[in-house]
Amino acid sequence: MKNIIAYSMEKLYKDLEEADELFLSSGMKDMELYEKQLVEAARKAAAEHMAALYSDMDRMLCEDISRAEKYTIQRHDKRQLVTTVGSVCFTHTLFRSRKDGTCHYLLDEWMELDAHERLSSRAEAELLAEAVKTSYASAARVLGEDSLISKTAVMDKVHGIQTELPFPKPEKKKCVEYLYVEADEDHIHKQEKNGTEKKGSMIGKLLYLYEGQEQKDGRKELKNVFYLGGLCSGGEANRHLFERMQEYINTNYESRYLNAVYISGDGGAWIKAGAEYIEKGVTVLDKFHMMKYINKASNQMLDEAGEAKGRLRKALYKGKKKKFVKTIKAIRKCAPNEKAVNDCEEYLLNNWAGAVRRMQDKNVYGCSAEGHVSHMYSDRMSSRPMGWSEAGADAMCQLRCYVKDYGEEKILELVKYRRSHKQEEATGTEGIPVRPNRGYMRSLLLHSHDNDRVYIEKLQATIPSIDIRKKLAIRERLGGI
């Protein structure tokens, strides 16, 4: 077995030594180049170390006795894997099963690497984290120009991600009286199949739940916000979105303490339907949209607009539908634009319960859904002149919600979850791939560590003379100051 650690340390030290000597010989003027060389040396050493270890793991599989009982060696191939430290090239062996004749790269199965996978799990997570914030093209460059990752490859990773992981269970459920769910949508440009036109749009739906508002640094903030989203086209997809939110509530809150879950929005049918799927859910009309219709209708009265607005608001506050309709009729008689009055009447009568609850219930907060949609979706998907496929838009909506809920570092869990499930689907007839014998592995590692000491002692013997040369170079530079 190759002395991996000692070999890697020796190569790294040589690269660092070359960088030091170049920096000192140049009069210590180019610090930027020196820093770049050190980073490249570290990345190169890490990539070579990984390649050597993976190749040794493969050799251990070839030499393991328990493996030989089940598999025969067919051939040794090279595999290249793009990682966060660079491209890693290692040997992996193709084995044939003695039982059914199927062929397997056991090392790949052991590490849960798909046969056609070019990226390590962490490298894929970094691509996705960048794609969430910028563009597929920018994400393709995040691993370095030499990684040769295309923006199409990034797109495929986004499309294939699985964001519906089981919700993590808290140690103890929370006890609150009221929860707030707000909903809104963003219109995302649709890309035609030929890829040359942007025509039409899709609706990206957003739900977010919070426990109330609190003061932080002189401003109001929502408490413990949780996001869910996606295109959710059609009744079944819409139902699934709200049922997922109910699942989150069941996981994190004690139902018996809840008095109500307020569902706020602009009165869209898909938002009002949420009350059917959220336990103790009641709809609330967004005040911004409510007042927009009231203002347009009352402004038809010109000088008497303020009085008309007051009568409409009072009818809502008292919950008197007949008085509201009577006031609307009086405004319509004098209105130069009857459509504005008719729209107001239709909108508020269709959302009467939610509008009255907005005016009467002191536990209801103002709705900030439009600002959340702008931040969560528009910044990435609709504020720029770009078109999206349905799969891409849906995946990006879900991915941005996931990152907002759990942070970028948790994207790695999504990647591992997808790969583990894909590996389970591809499991052969013999189930879990063979592992090298633990005793055999331990003996090889101990032998390797003994040999490492020889290399390290040899390396240490060269350090004093190198350090002396460095000190002389530094003193010579100091003498010129």
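Every number in this text was worked out from the coordinates using simple rules, so none of it is lab data. Since the structure is predicted, the reported quantities are computational estimates derived from the model, not experimental observations. So basically every Cβ, Gly included, is an ideal-geometry build from the backbone, and we count neighbours across all protein chains shown.
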Region 9-14 - phi-based ³J(HN,Hα) in whole Hz, Karplus 6.51/-1.76/1.60, Gly and Pro as x
5, 5, 5, 4, 5, 5
Report, in whole Å, the centroid distance computed from the Cα atoms of region 301-375 and region 55-131.
65
For region 91-153, state the average projected area of the convex hull of the C-alpha atoms over all orientations, rounded to one decimal in nm².
5.4
How large is log10 of I(q)/I(0) for region 312-390 at q = 0.17, 0.27 Å⁻¹ when the intensity is taken from the Debye formula with one equal scatterer per alpha-carbon?
-0.79, -1.21
Would you mind checking which residues have amide H under 5 Å from G230's amide H? H placed 1.01 Å from N; only 5 or more apart, or other chain.
K205
If amide H atoms are modeled at 1.01 Å from N in the peptide plane, then the residues at a separation of 5 or more from V284, or on another chain, having amide H under 5 Å from its own are I263, S264, G265
Just name one of A335, V325, N351: the one whose Cα is farthest towards the positive end of the charge dipole of region 281-370 (beta-carbon charges, Lys/Arg +1, Asp/Glu -1).
V325
Can you give me the long-range amide H partners of A260? Hydrogens built in the peptide plane at 1.01 Å from N, cutoff under 5 Å, separation of 5 or more residues or another chain.
L179
Quick check: from the Cα gyration tensor, does region 179-259 come out rounded (a/c under 1.5), prolate or oblate?
oblate
With each pseudo-label sitting 7 Å past Cα toward Cβ, what's the A137-E247 distance in nm, one decimal?
3.8
Here Rg/Rh (Cα, Kirkwood) for region 1-144 equals 1.10
Relative contact order in percent for region 192-318 (Cα pairs under 8 Å, 6+ apart) equals 14
Could you give the C-alpha radius of gyration of region 256-351 expressed as a fraction of 2.2 N^0.38 Å, taking N as the number of residues it contains?
1.22
Where nothing but the Cβ of Lys and Arg (+1) and of Asp and Glu (-1) is charged, how large is the charge dipole of region 35-88 around its Cα centre, in debye to the nearest 20?
180
Extension length gain for K29 and E112 (0.36 nm per residue less Cα distance), in nm, is 25.2 nm
Viscosity 1.002 mPa s, temperature 20 °C: give me the Stokes-Einstein translational D for region 196-318 in µm²/s, with Rh taken as the Kirkwood radius over C-alpha pairs.
123
If r is the Cβ-Cβ distance from L302 to K322 and R0 is 25 Å, what FRET efficiency results, to the nearest 0.05?
0.45
Answer with one residue from V282, I271, G392: the one whose Cα lies farthest towards the positive end of the charge dipole of region 265-412, charges on Cβ with Lys, Arg +1 and Asp, Glu -1.
V282
From the Cα trace of region 135-181, what convex hull volume per residue do you get, rounded to a whole Å³?
150
